[in-house]
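Down below is the structure, laid out as C-alpha cells.
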C-alpha cells in the first residue's frame, strides 16, 4: 500500500521534471541570454559587458568561478551590514534575556554567584549573537540576492538554465538596462565568442503585481504544513514515545527519589538519616522547653518594630492565632464553640507579661494551646508578638498616641 | 614564475643588529643588577621566541597538511622565522641555570614540607624536566631540518615527491607539535605556580603561538611584497587570508582564555582561584582588564570589516599590534609570580623585548640572504599565485 503510494509519487515527480515549460510566455522581453563554451570566454565576456557600461546583467556558471566578481566589477555585498546589525541585536537580546530571567523573573542563587553575573552570561550571549547573525545572513542573501517576495525568475525552466546548470557558461543582459539595444547586445555577444543567443520572455505570471508568496493556496499549504508538523510532533512525543527512554520527558532518572527504596544502601532506604545532633536552619532547639516562666522573661524581642515586621506579624497572627484568639485577640475566634474559650489577650495578666513570656507560650504551648514551634519560625513569632503589642495598645490608646499619629 | 632574487635593503640588517646590540647590553646589565628579575624577563623573552619560531614551523606544516595554496608563495617567510628553533636550542641553556631562581618547586626544602608538591614530584623534578626539554628540542629540530631541507631542495629539483614527503611529515608533526607545545607551556609557565593547574593551559599557549606567528608572517609578507620582493601577482586576495587568520586566531584566543577563566570563576575552588586572584591584586587588576582590550576587543573591532583585512597598511600595523599583544599576554602569564604587588615595566624588560625583536629580524635577514624568498620549485606555487577570493 505504502510502496504503491511512494511509486506513484516518484512517477509524478519524474513526469513533472521532464515536462517542458508549457507555461505561456508573454511578448515582453526579459533579456538576451548568451551561452559560452569555456570559463575563459565567460570571464572576458563578463569583463567586456561591464566595461561597456551595462549594469543589469548577470552570469550563470555550473560552478563558482574565482575572479568573476572582479571581472563583473561587483562591489562588495551589503549582506555583511545586515549580519552585523542583527548580530549586535542578538547580543543585546541575549544579555537582556539572561538579565531578566536570572535577576527579575526568577532570581535563584546558583553556586553563590550574583543573580546576574557577566561571566555566566557570556556563552548565551555568544550563542544569541551567532544565531541572529546566521539567520540574518541567510535572510539577507534571500532578500538582497534572490529578491525574496519574488520566488520565480523568468529564466527558470528555460533551455538556457538547463545548459548553464550542466556544462555551459551563460550571461544575461536584462532588457530594462539603460544601454540595452537589441542589435548591439547581439553583436557584443557574438564577438565575445558566444555560440548561441536566446531571447528570454517574461511569463504572464511574472508580469502580474501579485507575487506567488502571498497566494492563498501557497499560504494555506504553509499553514497546513505547520499545523500538521505540530500535531505529529505532539502525538509522537506525548503518546508514541511517552515511555520510551530517552524521550520520556525525564520521568525515569538515574537517581533516588525521596521516600523510595534503594538497593544501594544496606537498609534499603533511599533517604539518609541526618548525622546525630544535626540542626535544621531556622529550627534551633528551644532552650526553655517546659521551664518555669521566670527564665523566659529574660528574652527580649530581637526584631525592631517596622511596618514590614508588623504586617508580617499581622499576617501570621491571622493565620495561626486568630482561629482561637480572634482577629483582635479577644478570644472570640472562629473555633469558639468547639474549644474552651481562650482568655483575652487584653487582660491585665498578658498586658503585664514581658515579650519573652508570650514567646514561651507560643513556642511551648500552655494549657489547651499546643506548641506552635513547628508552624511558626522564630522570627515570625517575634513579629507576632510585636503585632499583639500593637493590638493591646490600640485597646488602651491614650490621647498622646492620637496626636502622634497625626 | 618570473621570480628574481633581490637582496634585502641594508636597513633591515642594521635595524636587526642595532636592536640585538642594545638588547644584549641591557640584558647583561639586567643580570648584573637583579639576577632573579632578569631570569623572569629572560623566560618571558624565551617563550615569545618559542611562539614565533615553533608557531611558524607549525604554519609550514599546516600548509602541507591541509593542502593550502594561497600561502605557498609566502611559505619561505614562515620557514625563515622557524630558523629561530636552532637559536632557541642555545638560548634555553642559560635558562636551565636559572631554574632555582624561577621555579620554587626546585628548592629541596619546599619539596620536603609540601605534600601536594610531593605527589607531583614524579613529573615535576629537575632531571625529568631537563629530559623533557631535550626531547622537545629533538622533535622541533628534527622536523625543522626535514621541512627546510625538502623545501630548499625543491627549488632546484622541482620534484613533487618532496611535497608528498612533507605532507606525510606534517601529519606526524601536527600531533607532536600539539604535545610538545603543551609540555612547553606547562613546564615553563604553569609550573611557576606549581600548586595551580589548568587543563586548558596548553591550548591557551597554543592559541597565542599561532596568533603571533600569523601576525609576524603577515607583517613580513605585506612589507616584502609591497616593496617588490615577492611577486607582482600577489594581491589583496592573499592579504585577506592573512587578515582572516589573524582575526580567527584572535577570536580563538579569546574563546580559550575566556573558557579557562569561566571554569575557574564558576567552580570557585581555592586551588584554582588563587592564580586569578594574583592577577587581580594592585595594579595587576588594570593590567588584566587591559589584556581583554589589547589582546581581543580592540583588534576584533578593527579587523571585523572585510575592508580592513585587505588594506596592506592597516594589516602591518595590526601585525605589530599583535606582536605587542602577545608580549603583553605572556607577561601576564609569567610575571605575577615575580612582581607580586603590581606590574613593573622598566629598562630591563624593554631590553629583553628589543633583543627578541632584533633576533627575529637578524635570523630572518641571514636566512633571506641565502635562500629564495619564494619557493620557486613548489608545484602548488602557480595555483597559489592565481588565488582569488571570489
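With contacts taken as Cα pairs under 8 Å and at least 6 residues apart, the stretch A:215-273 reaches a relative contact order of 15 percent. Length, then width, then depth: along the principal axes, the Cα atoms of the stretch A:1-99 run 55, 53, 30 Å.
Pop the C-beta distance of residue A:138 and residue A:178 into the FRET formula with R0 = 25 Å and round what comes out to the nearest 0.05. Given R0 = 25 Å and the Cβ-Cβ separation, E is 0.20. Each of A:52, A:168 was scored by other Cβ atoms within 10 Å of its Cβ. Arranged with the fewest first, they read A:52, A:168. Between the Cα long axis of helix A:182-191 and the first principal axis of chain A there is an angle of about 80°, rounded to the nearest 10.
Between residue A:245 and residue A:280, the modelled labels are 3.3 nm apart [label points 7 Å from Cα along Cα→Cβ].
For the stretch A:215-273, the convex hull spanned by the alpha carbon atoms encloses 96 Å³ per residue.
Across the stretch A:85-244, Cα pairs under 8 Å and at least six residues apart give a relative contact order of 20 percent. In this label model, residue A:84 and residue B:130 are separated by 5.6 nm, measuring between points 7 Å along each Cα→Cβ vector.
Within the stretch A:79-144, the ratio Rg/Rh, alpha carbon atoms throughout and Rh by Kirkwood, equals 1.14. Treating the angle as unsigned and between 0 and 90°, give the value, to the nearest 10°, between the Cα long axis of helix B:126-157 and the longest Cα principal axis of chain B. In chain B, helix B:126-157 runs at an angle near 0 degrees to the longest axis.
Packing here is the average count of other Cβ atoms within 10 Å per residue, and on that basis the peptides B:351-359, B:372-380, B:266-274, highest first, run B:351-359, B:372-380, B:266-274. Running a GNM on chain B with Cα contacts under 10 Å, which residue among B:30, B:185, B:161 ends up with the highest mean-square fluctuation? Per the Cα network of chain B with a 10 Å cutoff, B:161 tops the list. With a Förster radius of 45 Å applied to the beta-carbon distance between residue A:198 and residue B:308, the computed FRET efficiency rounds to 0.55. Taken along its principal axes, the alpha carbon cloud of chain A reaches lengths of 119, 64, 41 Å, longest axis first. Taking only the alpha carbons of the protein assembly as shown, we obtain Rg and Dmax values of 39.5, 119 Å in that order.
For the pair residue A:101 and residue B:149, label points projected 7 Å from Cα toward Cβ lie 5.8 nm apart.
Taking the helices alone, chain A has a mean residue ellipticity at 222 nm of -13500 deg cm²/dmol, built from -39,500 (n - 2.57) per DSSP H run of at least 4 residues and averaged over all its residues. In the stretch B:205-263, Cα pairs under 8 Å separated by at least six residues give a relative contact order of 51 percent. The separation of the stretch B:211-274 from the stretch B:15-79, counted between C-alpha centres, amounts to 16 Å.
Counting only alpha carbon atoms, the long axis of helix A:2-18 and the longest principal axis of chain A meet at about 40°. Here the average projected area of the convex hull drawn through the C-alpha atoms of chain B stands at 19.1 nm². Once the mean of 1/r is taken over each pair of separate Cα atoms and inverted, the stretch B:45-155 shows a Kirkwood hydrodynamic radius of 16.1 Å.
Each reported figure results from applying straightforward, stated rules to the coordinates on display, with no laboratory input. Quick caveat: nothing in here was measured; it's all calculated off a predicted structure. Cβ atoms come from the backbone with ideal geometry, glycine included; neighbour counts cover every protein chain shown.
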